[in-house]
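J.: Here's a structure for you.
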Amino acid sequence: MELVAQSTGEFWRSRRLRQRPALRRLVQEVRLDRRGLIKPLFVRPGVGIRQPISSLPGQFHLSPDQAADQALRLAELGVGAVLLFGLPATKDPLGGSGLDAKGPVPEAVRLIRRRSPQTVVITDVCLCEYTDHGHCGLLDGDGRIDNDRTLKQLAKMAEVHAEAGAEIVAPSDMMDGRVLAIRRHLDQSGLTDTAIMSYAAKHASAFYGPFREAAQSTPAFGDRRSYQLDPANGKEAMREILADQQEGADLIIIKPALSALDLIAEARRLTLLPIAAYQVSGEAAMIEAAAERGWLDRKDAILESLTAMRRAGADLIITYFADEVARWLEGR
Ligand code: PBG
């Protein structure tokens, strides 16, 4: 194939369009938009509580009322949505507290819907925060994950969240068939308008460390490799995305983000569903730690990493930096 000349000059000068900020802005291919940012919030029982999370600098354990305040502030900043994770008062082998309609997450959902009606509320649907063993699924007698029994539990949790007012439920457990199980259950419960944002391609990653401390969800034994994807597997990630799409997912998530930019780009060609990239806790921690040592510029590093996710093809970005980024983007 013959290359088509791009310029009549002697050689191509890419630098022409880089001369000054206005020109660079004009030809910028992707842009960050605060309306496409999603902020994770950690909700715990109580009133008036706002406890810093040591493993996630700048993030807090919030009681439902504080989560509602925060959601309102985020909406005012133009952040697109919040994603709620729960820290229940009690844990048991079945994750029963996750089905409690008076638990911190449903409570926060109701308060947010009331106090900040414009906020889009997404809830994490997974058992790991609610089980005493910390696994994302129920266990059988031999300590193995009981996939199909877990599905019923997840479907009920999704129903509780949807009944409280969540517009989108986000199953992060990686059990097989959960999108279909949740979709059927929601539909049978008359909750046909509740959307499902599935963590379709979720790797068994070392980068979730700070989150597990924040969510108190570290598995008591073993690891998550029997349900989360091997980071080596890209084709399998695409199969997961197709399966979730067929089962009725309305949006899909890929995580971690920065170590899976290739998968975001591939998914962009594979599906027409909105794609969310999750900049996970470990990705945020790397930036925080390096910035603290003065090894990189924190703001530039955050903006560059999020921009790379957009370039790869992500429509939405879940990030702990959502509020800060929204402030930086104000007036742009
Ligand atoms: C729960 C869940 C995890 C994350 C999101 N949902 C942890 C895990 O799978 O162990 C990680 C998020 C992050 O690291 O920021 N299933």
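Every number here is computed from the coordinates shown, using simple stated rules; none is lab data. The shown structure was predicted, so the numbers you read here are calculated from the model rather than taken from an experiment. Glycine also receives a Cβ, built like all others from the backbone with ideal geometry; neighbour counts cover every protein chain displayed.
J.: Collect residues whose amide H, placed 1.01 Å from N in the peptide plane, falls under 5 Å from the amide H of G134; neighbours closer than 5 in sequence don't count.
T.: For G134, the qualifying residues are A220.
J.: While we're here: Does region 185-332 classify as rounded, prolate or oblate by the C-alpha gyration tensor (a ≥ b ≥ c root eigenvalues; a/c under 1.5 gives rounded; else a/b over b/c gives prolate, otherwise oblate)?
T.: prolate
J.: Could you list the trypsin sites (Lys or Arg not before Pro) in region 127-205 that lie in coil according to DSSP, counting only those with at most 13 other Cβ atoms within 10 Å of their Cβ?
T.: R144
J.: With no solvent and one point per C-alpha, what does the Debye sum give as log10 I(q)/I(0) for the chain at q = 0.09, 0.13, 0.16 Å⁻¹?
T.: Summing over Cα pairs of the chain leads to -0.47, -0.95, -1.46.
J.: Taking the Cα of R269, stepping 7 Å toward and past its beta carbon, and measuring to each backbone N in region 202-237: which are under 16 Å?
T.: Zone members listed by number: 234-237.
J.: Continuing with this model, one more query. Extension gain A220-E330, at 0.36 nm per residue separation less the Cα-Cα distance, in nm?
T.: 35.3 nm
J.: State the answer as a single residue: which of G134, A75, S14 lies farthest towards the positive end of the charge dipole of the chain, with beta carbon charges of +1 for Lys and Arg and -1 for Asp and Glu, about the Cα centre.
T.: Final value for the positive-end residue is S14.
J.: Using a Gaussian network model of the chain with C-alpha springs under 10 Å, which one of I241, I253, I49 is most mobile by mean-square fluctuation?
T.: Of I241, I253, I49, the most mobile in the Gaussian network model is I49.
J.: Could you name the lysines whose alpha carbon sits less than 27 Å from that of K91, not counting residues in the same chain fewer than 8 places away?
T.: K39, K102, K152, K156, K202, K255
J.: For the chain, what proportion of DSSP beta bridges, expressed in % and rounded to the nearest 5, is antiparallel?
T.: The antiparallel proportion sits near 10 percent.
J.: Another one. Collect residues whose amide H, placed 1.01 Å from N in the peptide plane, falls under 5 Å from the amide H of A257; neighbours closer than 5 in sequence don't count.
T.: Under 5 Å from the amide H of A257 lie the amide H atoms of Y278, V280, each far enough along the sequence or on another chain.
J.: Here is a follow-up. Just how large is the dipole of region 237-287 about the Cα centre, in debye to the nearest 20, putting +1 at every Lys and Arg Cβ and -1 at every Asp and Glu Cβ?
T.: 120 debye
J.: Sticking with this one: Take the Cα coordinates of region 63-184, assign each an equal point scatterer, and use the Debye formula without solvent to give log10 I(q)/I(0) at q = 0.09, 0.16, 0.17 Å⁻¹.
T.: At q = 0.09, 0.16, 0.17 Å⁻¹ the computed log10 ratios are -0.24, -0.71, -0.79.
J.: Roughly what % antiparallel, to the nearest 5, for the DSSP beta bridges in region 1-146?
T.: Taking every DSSP beta bridge within region 1-146, about 25 percent pair in antiparallel fashion.
J.: I want to check the label-to-label distance for V47 and V30. Put each point 7 Å from Cα in the C-beta direction and report it in nm to one decimal.
T.: Once both label points are built, they end up 4.5 nm from each other.
J.: Please state the charge dipole magnitude for region 31-330, taken about the Cα centre, from unit charges on C-beta atoms (+1 on K and R, -1 on D and E), reported in debye and rounded to the nearest 20.
T.: Taking the Cα centre of region 31-330 as origin, the dipole is about 440 debye.
J.: Restricting to DSSP loop positions (anything but H, G, I, E, B) with no more than 14 other Cβ atoms inside 10 Å of their own Cβ, which GluC sites (Glu not before Pro) remain in region 267-332?
T.: E330
J.: Relative contact order for region 22-180 using alpha-carbon pairs under 8 Å, separation at least 6, rounded to a whole percent?
T.: Relative contact order comes out at 21 percent.
J.: How high is the relative contact order of the chain? Use alpha-carbon pairs under 8 Å, at least six apart in sequence, and give a whole percent.
T.: The value is 17 percent.
J.: Report the calculated FRET efficiency for R149 and R18 (r = Cβ-Cβ distance, R0 = 45 Å), to the nearest 0.05.
T.: 0.20
J.: Explain nothing, just the number: relative contact order of region 3-116, from Cα pairs under 8 Å at least 6 residues apart, as a whole percent.
T.: Relative contact order here is 27 percent.
J.: Now a separate question. Would you pull out the residues with amide H under 5 Å of I53's amide H, same chain only if 5 or more places away, H placed 1.01 Å from N?
T.: When sequence neighbours closer than 5 places are left aside, the close amide H contacts are G58, Q59, F60, H61.
J.: 222 nm [θ] for the chain, helices only, -39500 (n - 2.57) per DSSP H run of 4+, per residue, to 500?
T.: The helix contribution divided over the chain gives -11500 deg cm²/dmol.
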